[in-house]
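Shown next, in structure tokens, is the structure this report addresses.
The values are calculated or read from the model by the stated rules, or taken from the named source; none is laboratory data. Since the model is a prediction, treat every value here as computed from it, not as a measurement. For neighbour counting, all protein chains shown are included, and Cβ atoms are generated from backbone atoms with ideal geometry for every residue, glycine included. Quick note on the areas: whole protein, heavy atoms, side chains included, nothing else; ligands and nucleic acids left out. Shrake-Rupley method; radii C 1.70, N 1.55, O 1.52, S 1.80 Å.
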Amino acid sequence: MNATNDIVIIGGGIIGMAIAVDLKLRGASVTVCNRNFPQTASMAAAGMLAPHAEELPPGPLLDLCLKSRWLYPEWIRKLQDLTGLDLGYNPCGILAPVYDLPAAEVRNNHQGQWLDKTAIRLYQTGLGDDVVGGWWYPEDGQVDNRQVMQALRQASQQLGIDVRDGVTIKTLQQKQGKVTSILTNQGELEGNTYIMASGSWASQILPLPVRPIKGQMLAVKMPEIPDEPYPLQRVLYGPQTYLVPRQNGRLIIGATSEDVGWTPHNTPQGIETLIKRATKLYPDVANWEIEEFWWGYRPGTPDELPILGHYGCNNLILATGHYRNGILLAPVTASLIADLVINEKSDPLLEPFKGDRFHTQPSPSPASMTPFNHYPVPKTINGHNGTPSLSSTDELIIAGRKFHSRLMTGTGKYPSIPIMQQSVAASECEIVTVAVRRVQTNAPGHEGLAEALDWGKIWMLPNTAGCQTAEEAVRVARLGREMAKLLGQEDNNFVKLEVIPDTKYLLPDPIGTLEAAEILVKEGFAVLPYINADPILAKRLEEVGCATVMPLGSPIGSGQGIRTQANIEIIIDEANIPVVVDAGIGTPSEASQAMEMGADAVLINSAIALAKNPVLMAKAMGMATVAGRLAYLSGRIPIKDYAIASSPLTGTVV
């Protein structure tokens, strides 16, 4: 067992295996040492993806969790493509019932949507009588953690990762600031880089303040009635307990939190506690068949933050201490640690989670939390937030309506509505696109969005996001027009047309888009169609009467930049209507590039909403759009194959 590998990962739970798969896909040679696969905390979890339901305070951990939740769909898709397994990923939202009515101030300033006693029972019937209301978190969800672990194991086999079970680490051998090898119960193992991802067992190998927090859980089987859904369709995150319904009728109930060291096994007291809490929350649970009991150890740290990054030796990296969020944090941990190994550069996101933070504090106190609901915006310059004004004659005109700003933004994916509001203001945009299904006042989790912006100053661009057919898009567009009227924009006939049946790459359907556009134009809509960068389709859409065309720079939310430049340039050259570059822009330089090409506007959402500081990024995007437009109007110098001195050659001293 003394072969040398590029990377040796200690720990075969979800964190260790996720890192292994990521590194292997990047070309590294990886060996994983795991002591006991069935006993990993990952196998004992419930699989909730719940940064909001857990009410994590603003700060580094919430930032990390939100980024990981955003990465989850693509990460799951990658594993499903590798293995063909259904991983039970379900962004179903989480309902958090409460037994005590929070103060009005709390209800009005909470990151969740408050539901009163009546409303919460519309979301989920059968709740206990003690439930007085609760919070709705539509962007949280769940995954089948056991299926994820199975997929990671299967993917590792297919990729050729060397996974060794039953391996106990005795010691790490060090020399001159480097780990040279590890001694195990199966012999010596050498590697170039060592990653400690052994969860609660990390403190048995290194002097780390990681301790096991025991959690007991059980599962019951929900009754199955022909042609009816199971009784519980939503995750319930109640006081000191949670109920997680799987799509196969299995209901996970958890979990105790016991600081009892390495005391194993389920106990009568622990199971009794779970059942009492569960039946108080949802009384019918008392009559359902028990399927299974189990327990596991969560890796806890004094400040309840994970330990990530280099530690002690320059070839030793830690990825442990994820406590209750190991399942949620797997994608982002894998990505950040793989980047650290391959690129040898630490992402700023890792800074608050360094292991040496415990060495500078005799008694580690809770990590300071950076406010996440306010970002500084550059001070006003000449009364216009620092953005130079364009000439009043250089206006963006769409369907006869004039706009000064050439940046359009959206409302989705922001950490909170206040941050969205600040970002829209900082961008100085005048057009904001909103998915009709989000802005409806009865849309789960998005109540209040219609009131979040001043629609007397912002022009609403309803979009048909989520529609897979032309018929569906037409129906949603009509709803959008009515919504605009309800918001006071009586003459708003705009619609951003999206017909997207492709769930993997989110590429628009050209045939369905053209069909829907023809119908909507005849009904008097100003249609702004989202399309592939197809010059022929763009011309056809212009011919049927669309108000703009909106070619993608690269797939939605990918941040890949403008990969379709040649085609977009043809569209711009041939179009007699405004061309808006939509999707894929990730940086201000790319927004400026689109404008320098001659685009009339850009639409940017993900690059702003998912930035570490959305408000400053919104400001930067607004400034870049103006700069790009000014550059386009100014006209760049010709490109030559030779140098031309910028200083005159005459009159030189000789």
**Study point:** Lys/Arg +1, Asp/Glu -1 at C-beta; the chain dipole; positive extreme among 630, 501, 321
**Key:** 321
Review point. Shape of the chain from its Cα gyration tensor (a ≥ b ≥ c, root eigenvalues): rounded if a/c is under 1.5, otherwise prolate when a/b > b/c, or oblate?
Key: oblate
Review point. In nanometres, what is the gap between the two model label sites at residue 259 and residue 183, each 7 Å from Cα along Cα-to-Cβ?
Key: 3.4
**Study point:** Per-residue HN-Hα couplings for the range 600-611 [Karplus 6.51, -1.76, 1.60; θ = phi - 60°; Hz; x = Gly/Pro]
**Key:** 7, 6, 10, 10, 9, 10, 4, 4, 8, 5, 9, 5
Point to revise | Dmax and Rg, reported as Rg then Dmax, of the range 212-264 (C-alpha, Å) | key: 14.0, 47
Review point. Between residue 150 and residue 290, 0.36 nm times their residue separation minus their Cα-Cα distance comes to what?
Key: 48.0 nm
Check your understanding: Considering the dipole of the chain built from charges on the beta carbon (Lys and Arg +1, Asp and Glu -1) around the Cα centre, which of 30, 549, 436 is farthest to its positive end?
Key -> 30
Practice item. Using every Cα-Cα pair within the range 173-246, state what percent have a distance larger than 20 Å. Key: 60
Exercise for review: Could you work out the Rg to Rh ratio of the range 459-574, with Rh taken as the Kirkwood radius (inverse of the mean 1/r over all Cα pairs)?
Suggested key: 0.97
Study note, to complete from the structure: Given backbone amide H placed at 1.01 Å from N, residues whose amide H is under 5 Å from that of residue 168, ignoring those fewer than 5 places away on the same chain, are 185, 186
**Study point:** Rounded to the nearest 20 debye, dipole of the range 519-654 from Cβ charges on Lys, Arg, Asp, Glu
**Key:** 400
Exercise for review: Using the charge dipole of the chain (Lys, Arg: +1 at Cβ; Asp, Glu: -1 at Cβ; taken about the Cα centre), state which of 525, 82, 118 has its Cα farthest towards the positive end.
Suggested key: 82
Check your understanding: How much of residue 164 can a 1.4 Å solvent probe reach, expressed as accessible area in Å² and rounded to 10?
Key -> 50
Point to revise | Set of lysines near residue 612 by C-alpha distance (under 16 Å), chain-local residues within fewer than 8 positions excluded | key: 67, 413
**Study point:** Label point distance in nm, residue 339-residue 532, each placed 7 Å from Cα along Cα→Cβ
**Key:** 3.1
Check your understanding: Ordered by residue, what ³J(HN,Hα) values in Hz, to whole numbers, does the range 498-510 give under the Karplus form 6.51 cos²θ - 1.76 cosθ + 1.60, where θ = phi - 60° and Gly and Pro are x?
Key -> 10, 10, 10, x, 7, 8, 8, 9, 6, 8, x, 7, x
Review point. Placing +1 at every Lys and Arg Cβ and -1 at every Asp and Glu Cβ, with all other atoms neutral, what dipole size does the range 243-305 have around its Cα centre, in debye to the nearest 20?
Key: 180
Practice item. Using the 2.2 N^0.38 Å rule of thumb for compact globular proteins, work out how the range 198-286 stacks up: its C-alpha Rg over that value, please. Key: 1.34
Practice item. Order the peptides 148-161, 599-612 from the highest to the lowest mean number of other Cβ atoms within 10 Å of their residues. Key: 599-612, 148-161
Check your understanding: Cα-Cα over 20 Å: which of 402/522; 402/457; 117/280; 117/221; 24/354?
Key -> 402/522; 117/221; 24/354
Practice item. From largest accessible area down, sort 310, 52; use a 1.4 Å probe on the protein chains. Key: 310, 52
Review point. Is it possible to state the helix-based mean residue ellipticity at 222 nm for the chain, with each DSSP H run of 4+ residues giving -39500 (n - 2.57), the sum divided by total residues, to the nearest 500 deg cm²/dmol? What is it?
Key: -9500 deg cm²/dmol
**Study point:** Value of relative contact order over the range 13-86, rounded to a whole percent, pairs C-alpha under 8 Å and six or more apart
**Key:** 21
Check your understanding: Full extension from residue 576 to residue 174: what is 0.36 nm times the residue separation minus their Cα-Cα distance, to one decimal in nm?
Key -> 137.8 nm
Review point. In degrees from 0 to 90, rounded to the nearest 10, what is the angle of the helix 614-634 Cα long axis to the longest principal axis of the chain?
Key: 30
Review point. When only alpha-carbon atoms count, how far does the range 4-65 stretch along each of its three principal axes, as whole angstroms with the largest first?
Key: 44, 26, 15
Check your understanding: Hey, what do the phi angles of the range 269-274 turn into as Karplus ³J(HN,Hα) couplings, whole Hz, using 6.51/-1.76/1.60 and θ = phi - 60°, x for Gly and Pro?
Key -> 5, x, 5, 4, 4, 4
Study note, to complete from the structure: Stretched fully, the stretch from residue 157 through residue 539 gains (0.36 nm per residue minus C-alpha distance, one decimal, in nm) 132.6 nm
Revision key, fill the gap. If every Lys and Arg gets +1 and every Asp and Glu gets -1 at its Cβ, then about the Cα centre the chain yields a dipole, in debye to the nearest 20, of 1260
Review point. For residue 633 and residue 490, FRET efficiency with R0 = 51 Å and r from the beta-carbon atoms, rounded to 0.05?
Key: 0.90
